Amino acid sequence: MNEILIFIISLLVPFVYYRLMFLIYSNYFISRRSLRSITGLKIHHLHHGIFYVLLASIILLLSDKNIYVIILLGFGLGNMLDLLISSLLINTKRDEELKLYRKTMPGTIILFAVLILIIVLLNFLF
């Protein structure tokens, strides 16, 4: 099968899945027992998509292009793009965003450092 077609199908799968789930089972998204309610984090499939694209990018850096990386990239990007427009239009208060941005600096630095360390270690191992 053509790699571009596989990428496009992988890109569309999350969009179709989440939109159909929302239309058919909208109560599913209001669940009281979820990772969101347990951790207090506002986890969306956008965040899953970022993880998939990151994982595919690391695999791509360390190995050759293959069909699994193409699928993972398409699937991750599809998850991210499904929430792009709604995240741009969500109501927020800029001063609260900036306070949170400042507050999360240490955690972000640690995230980048750990990610770079993992990439370097994987590069030496493979």
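Points to keep in mind about this one:
- Hey, Met21 assigned by TED's automatic domain parsing to the domain that holds Phe126 and either surrounded by 15 or more Cβ atoms within 10 Å (Cβ to Cβ) or over 15 Å from the mean Cα position of the chain (by Cα) (or both) or not: no
- Checklist (1) modelled with pLDDT under 90; (2) more than 30 Å from Leu121 (Cα to Cα); (3) among the acidic types (Asp, Glu) applied to Asp95, failing item: (1)
- Ile59 meets all of the listed conditions (1) surrounded by fewer than 10 Cβ atoms within 10 Å (Cβ to Cβ); (2) under 22 Å from Ile118 (Cβ atoms) but one, namely (1).
- Residue ID - modelled with the highest pLDDT, chosen from residues in the stretch 35-53 that are over 21 Å from Gly76 (Cα atoms) and of a type in the set (Ser, Thr, Tyr): Thr39
- The set of residues from the stretch 24-49 being surrounded by 13 or more Cβ atoms within 10 Å (Cβ to Cβ) and farther than 30 Å from Lys65 by Cα comprises just one member, Arg36.
- Among (1) closer than 30 Å to Val16 by Cα; (2) among the polar types (S, T, N, Q); (3) modelled with pLDDT of 90 or more - the single one Ser86 does not satisfy: (3)
- The lone exception for Leu100 - which of (1) loosely packed, with under 15 Cβ neighbours inside 10 Å; (2) closer than 24 Å to Leu115 by Cβ; (3) at pLDDT 90 or above; (4) outside the structural domain of Leu117 (by TED's automatic domain parsing) it fails: (4)
- Per-region count, the stretch 71-93, residues of a type in the set (Ser, Thr, Tyr), without any contact (Cβ under 8 Å) to a residue 24 or more places away in the chain and either surrounded by 21 or more Cβ atoms within 10 Å (Cβ to Cβ) or assigned to a helix (DSSP H, G or I) (or both): 1
- Residue within the stretch 36-51 that is over 19 Å from the mean Cα position of the chain (by Cα), in contact (Cβ under 8 Å) with a residue 24 or more places away in the chain and outside any helix (DSSP H, G or I) present: no
The values are calculated or read from the model by the stated rules, or taken from the named source; none is laboratory data. Here the structure is a predicted model, which is why all the values come from computation and not from measurement. A quick note on method: Cβ atoms are made from the backbone with ideal geometry, for glycine too, and the neighbour counts reach across all protein chains shown.
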